[in-house]
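The structure under discussion appears below in the form of structure tokens.
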Amino acid sequence: MTSVLDQIEIVRLDEDTELFSFDCGDMDLNDFLLNDAKNYLKSMLAVTYLVKVEDEIVAYFCLSYDGLTRTTILTEEEKALWNRVGRKIPNSKRRKTYPAVKIGRLAVAEKYAGFGIGRRIIDAIAVMYLCEQHHAACRFVTVDAYRSALSFYERNDFRYLTTKDGEDDTRAMYFDLKAI
Ligand SMILES: CC(C)(COP(=O)(O)OP(=O)(O)OC[C@H]1O[C@@H](n2cnc3c(N)ncnc32)[C@H](O)[C@@H]1OP(=O)(O)O)[C@@H](O)C(=O)NCCC(=O)NCCS
């Protein structure tokens, strides 16, 4: 029995891509794929990738360029969190904002949750920015993570940018591509 992970392929959505159904259990994320992703592409605001098993969309994610920016540092804890961001960056190159790519949306179809597809997507994004040539530099991957998915991102080595959003519906997290 071939595992679903061995069958997945990642394809870039374009304006002619036919989209049928998708259900990850979250209305907003379902709606984004089926009704907004193409408009975001046309407006050059986000590029969406479909994760497919044959013709079925088992997951999707979208990417946009971002800047990992230092939040206002009020506490020692905040200072420590920001120092952690630049830990692997030589002092002379440290700055207030670092180049990043943001995971704007990430969703795995409910019936495919827990098979390792989410982790495979994070790995694929890292490979995109570590192994493929790009016109501009990108050091970090960022995400405003849903509370329900925080431990998923923690398990994929994402870190919290600040404590200020500790009670919010989403939390700013980042992954250092050079930390791999
Ligand atoms: C959260 C989500 C992306 C995870 O994808 P997935 O394919 O189910 O996750 P994986 O199978 O790759 O899991 C990777 C690891 O994270 C853990 N994990 C996955 N989802 C988790 C969750 N919601 N809470 C806690 N841990 C989770 C898995 O147990 C696994 O742990 P391991 O290190 O022991 O193997 C997916 O469940 C999903 O799309 N949920 C609904 C929409 C959503 O919340 N998207 C994220 C928006 S920021």
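The values are calculated or read from the model by the stated rules, or taken from the named source; none is laboratory data. All of these numbers come straight from a predicted model, not from anything done at the bench. Heads up, the Cβs are rebuilt from the backbone with ideal geometry, glycines too, and the neighbour counts pull from every protein chain shown. Accessible surface is based on the protein model in full, side chains and every heavy atom, while ligands, DNA and RNA are left aside. Shrake-Rupley method; radii C 1.70, N 1.55, O 1.52, S 1.80 Å.
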Residue satisfying all of: in region 84-98; in a helix (DSSP H, G or I) and within 22 Å of the chain's Cα centre (by Cα); surrounded by the fewest Cβ atoms within 10 Å (Cβ to Cβ) among these: R84
Enumeration of residues in region 22-60 that are within 16 Å of the ligand (Cβ to nearest atom), open to solvent by less than 40 Å² (accessible area, probe 1.4 Å) and part of a helix (DSSP H, G or I): L29, N30, F32, L33, A37
Conditions (1) in a loop (DSSP other than H, G, I, E, B); (2) farther than 30 Å from T75 by Cα; number of the one not met by D168: (2)
Any hit, region 119-136, residues being under 26 Å from V47 (Cβ atoms), within 16 Å of the ligand (Cβ to nearest atom), small (G, A, S) and within 19 Å of the chain's Cα centre (by Cα): yes
Qualifying residues in region 137-180 (those that are more than 17 Å from I121 (Cβ to Cβ) and among the polar types (S, T, N, Q)) - the one nearest to the ligand (Cβ to nearest atom): T170
Extreme residue, farthest from the ligand (Cβ to nearest atom), among residues of region 99-118 that are open to solvent by 100 Å² or more (accessible area, probe 1.4 Å) and either part of a helix (DSSP H, G or I) or on the phi > 0 side of the Ramachandran plot (or both): K111
Residue count for region 85-135, restricted to those that are modelled with pLDDT of 90 or more and either in contact with a Ser or Thr (Cβ under 6 Å, 6 or more places away or on another chain) or not basic (K, R) (or both): 30
Filter pass, L19 being within 22 Å of I122 (Cβ to Cβ) and either part of a helix (DSSP H, G or I) or aliphatic (A, V, I, L, M) (or both): no
